[in-house]
Amino acid sequence: MGAYVYKLSGIRNYLELNIEGKQELVYQIEYWWKPSWSLKGDECKPKTYKQTVAALKRAFKDRPVNFISMAGYENIFRVTHGGFTDVLDDHLGEYCYPLVDQSLIK
């Protein structure tokens with residue numbers, strides 16, 4: 001597949017921006033791994049996948065992730081569900097994680 005998986009960079013990697021008239025934290029995501037599929041059709045995840053997701057969920061337990069962006073914060077995406085930890089780049093800009101209109105960001 002051509003997709004890549006990105007994960008949250010950590011609780012300290014964010015930018016505070018005014019989005020739709022409200023101060024919001026935009027968390028940075030970073031490249032994590034490129035999915036591959038076995039002959040059985042199962043996705044081959046990294047060995048540390050469960051541990052990494054569990055650690056991110058613990059770190060962000062009291063911090064809702066409403067907006068994400070890759071390094072540079074050029075494109076900001078809205079997270080439409082709770083418990084966000086990682087994303088396929090195919091889903092960025094689509095219905096799962098829509099792109100925030102630049103006119104709404106100050």
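The values are calculated or read from the model by the stated rules, or taken from the named source; none is laboratory data. Computed from a predicted model, the values in this text were never measured in an experiment. Cβ coordinates were reconstructed from backbone atoms using ideal geometry, including for glycine residues, and neighbour counts include every protein chain displayed.
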Return only the number of the condition from (1) farther than 13 Å from Tyr6 by Cβ; (2) surrounded by fewer than 14 Cβ atoms within 10 Å (Cβ to Cβ); (3) hydrophobic (A, V, I, L, M, F, W, C) that Ile76 does not satisfy. (2)
Identify, please: which residue in segment 95-106 is surrounded by 15 or more Cβ atoms within 10 Å (Cβ to Cβ) and in contact (Cβ under 8 Å) with a residue 60 or more places away in the chain and is, among those, nearest to Pro64 (Cα to Cα)? Val100
Taking only segment 16-36 into account, find how many residues are of a type in the set (A, V, I, L, M) and either more than 19 Å from Val87 (Cα to Cα) or exposed (fewer than 12 other Cβ atoms within 10 Å of the Cβ) (or both). 2
Might you let me know whether segment 33-48 holds any residue that is assigned to a strand (DSSP E or B) and not acidic (Asp, Glu)? yes
Close pairs from segment 1-14: first part of a loop (DSSP other than H, G, I, E, B) and surrounded by 14 or more Cβ atoms within 10 Å (Cβ to Cβ), partner of a type in the set (Val, Ile, Thr) and at pLDDT 95 or above, Cβ under 7 Å, at least 6 apart: Ser9/Ile29
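Looking for whichever is under 13 Å from Tyr6 (Cβ atoms), surrounded by 11 or more Cβ atoms within 10 Å (Cβ to Cβ) and either in contact with a Gly (Cβ under 6 Å, 6 or more places away or on another chain) or not small (Gly, Ala, Ser) (or both) here; the options are Phe67, Phe60, Phe84. Which one fits?
Phe84
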One residue is enough: does segment 63-83 have a residue meeting the conditions without any contact (Cβ under 8 Å) to a residue 12 or more places away in the chain, touching a Ser or Thr at 6+ places or on another chain (Cβ under 9 Å) and assigned to a strand (DSSP E or B)? no
Can you tell me which of (1) buried (at least 16 other Cβ atoms within 10 Å of the Cβ); (2) modelled with pLDDT of 95 or more is the one Leu92 doesn't meet? (2)
